[in-house]
1. Tell me which residues, restricted to region 84-127, are modelled with pLDDT under 90, out of contact with any helix residue (DSSP H, G or I) (no Cβ under 7 Å at 6 or more places or on another chain) and of a type in the set (Ser, Thr, Tyr).
2. Scan region 29-47 for residues that are more than 15 Å from LYS217 (Cβ to Cβ) and either away from the ligand (no atom under 16 Å from the Cβ) or surrounded by 15 or more Cβ atoms within 10 Å (Cβ to Cβ) (or both) and jot them down.
3. Can you say whether TYR170 is modelled with pLDDT under 95, surrounded by fewer than 23 Cβ atoms within 10 Å (Cβ to Cβ) and within 28 Å of LYS113 (Cα to Cα), as far as the supplied structure shows?
4. Could you run through region 15-28 and say how many residues are outside any strand (DSSP E or B) and within 11 Å of the ligand (Cβ to nearest atom)?
5. Of everything in region 141-171, what is charged (D, E, K, R), touching a strand residue (DSSP E or B) at 6+ places or on another chain (Cβ under 8 Å) and either assigned to a loop (DSSP other than H, G, I, E, B) or without any contact (Cβ under 8 Å) to a residue 40 or more places away in the chain (or both)? Give them in sequence order.
6. Can you list residue pairs whose Cβ atoms sit under 6 Å apart, with the first residue in region 117-135 being touching a residue at least 40 places away in the same chain (Cβ under 8 Å) and the second being assigned to a helix (DSSP H, G or I)? Count only pairs 6 or more apart in sequence or on different chains.
7. Where in region 29-140 are there helices (runs of 4 or more DSSP H), lying fully within it, with 2 or more residues that are closer than 27 Å to LYS206 by Cβ and of a type in the set (D, E, K, R)?
8. Within region 172-191, is there a residue that is in contact (Cβ under 8 Å) with a residue 40 or more places away in the chain and within 14 Å of the ligand (Cβ to nearest atom)?
Amino acid sequence: MYLTLRNVEKVYGEGDNAVKVLKGINTDIEKGQICVLLGPSGSGKSTLLNIIGGIEHMDGGEIIVNGLNLAGSSEKQIAGYRRENLGFVFQFYNLVPDLTAKENIEVCAYLSKSPFNTDELLKMLGLWEHKDKFPNQLSGGQQQRCAIGRALVKNPGLLLCDEPTGALDYSTSKEILELIEDINRRYGNTIIIVTHNDAIKNMAHKVMKMHDGKIVKEYTNEVLVSAKELEW
Ligand SMILES: Nc1ncnc2c1ncn2[C@@H]1O[C@H](COP(=O)(O)OP(=O)(O)OP(=O)(O)O)[C@@H](O)[C@H]1O
């Protein structure tokens, strides 16, 4: 199993103000799966993604990623895990404004022992003609492609996407989903997508629904709908 979560708990605040936002999360995700995490606002999706991504600490339980137990790891090991195994894509792209599209991707390539070729990646992302533009000269969809390129250039085993289409219109959202699907087919990365868009569940190998800090439903899809065919 690529990713195993056992009784993962998270509490924000202390004493009388303590609120448990993850109440014992258990699941297993296989290598190469696209997994979609759905659930109402405040149910704990981003918190769970950030804990899997080593951005936040858990307060109980275990997460084992590709053999590494995050709960038992030092800060240095977690930093190495983030650097080498993890790509993060956010709703609002988070590109560096003073760097071009190409440079935004290149800075992350330096972090990896075996990065993809940046020029080839720019072509695959459909950004070749835009490679020398700065983020404010790119459309939302182009910025998200660039952010995906930045996350992907390290060739990460695990790609975590928090509302990757949340700021995009319908057709651009579909393009980005097609890109994510293509990446998964080409490179076999395990991908977790947090979304409010229920339709995305149909392109995922595995679907998890959260409610009030718990996974209330999970299943695997026998038949997938391609991103191109999704409708909402
Ligand atoms: N840093 C924090 N300090 C205190 N409470 C927090 C913090 N971050 C999140 N929370 C709370 O934890 C709960 C879960 O938040 P989280 O962002 O994980 O939910 P979500 O399902 O991703 O929501 P959304 O779909 O709106 O992004 C919410 O009640 C939120 O207010």
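The values are calculated or read from the model by the stated rules, or taken from the named source; none is laboratory data. Bear in mind that the values here come from a model prediction, so they are computed numbers and not experimental data. All Cβ positions, glycine included, derive from the backbone under ideal geometry; neighbour counts span all protein chains shown.
1. TYR110, SER114 - these are the residues of region 84-127 that are modelled with pLDDT under 90, out of contact with any helix residue (DSSP H, G or I) (no Cβ under 7 Å at 6 or more places or on another chain) and of a type in the set (Ser, Thr, Tyr).
2. Of the residues in region 29-47, the ones more than 15 Å from LYS217 (Cβ to Cβ) are 29-34, 41-42, 46-47.
Listed by number, the residues that qualify are ILE29, GLU30, LYS31, GLY32, GLN33, ILE34, SER46, THR47.
3. Numbers: modelled with pLDDT under 95: yes; surrounded by fewer than 23 Cβ atoms within 10 Å (Cβ to Cβ): yes; within 28 Å of LYS113 (Cα to Cα): no.
When the stated conditions are applied, TYR170 does not pass them.
4. Going through region 15-28, the residues outside any strand (DSSP E or B) turn out to be 15-18.
Checking the rest, the ones that are also within 11 Å of the ligand (Cβ to nearest atom) come to 17-18.
Residues flagged as outside any strand (DSSP E or B) and within 11 Å of the ligand (Cβ to nearest atom) within region 15-28 amount to 2.
5. Once the filter is applied, which keeps residues that are charged (D, E, K, R), touching a strand residue (DSSP E or B) at 6+ places or on another chain (Cβ under 8 Å) and either assigned to a loop (DSSP other than H, G, I, E, B) or without any contact (Cβ under 8 Å) to a residue 40 or more places away in the chain (or both), region 141-171 yields LYS154, GLU163.
6. What qualifies is LEU125/ARG145; LEU125/GLY149; PRO135/GLN143.
7. Values: elements: 45-52, 75-85, 101-109, 118-124.
Those helices (runs of 4 or more DSSP H) span 75-85.
8. No, region 172-191 has no match at all.
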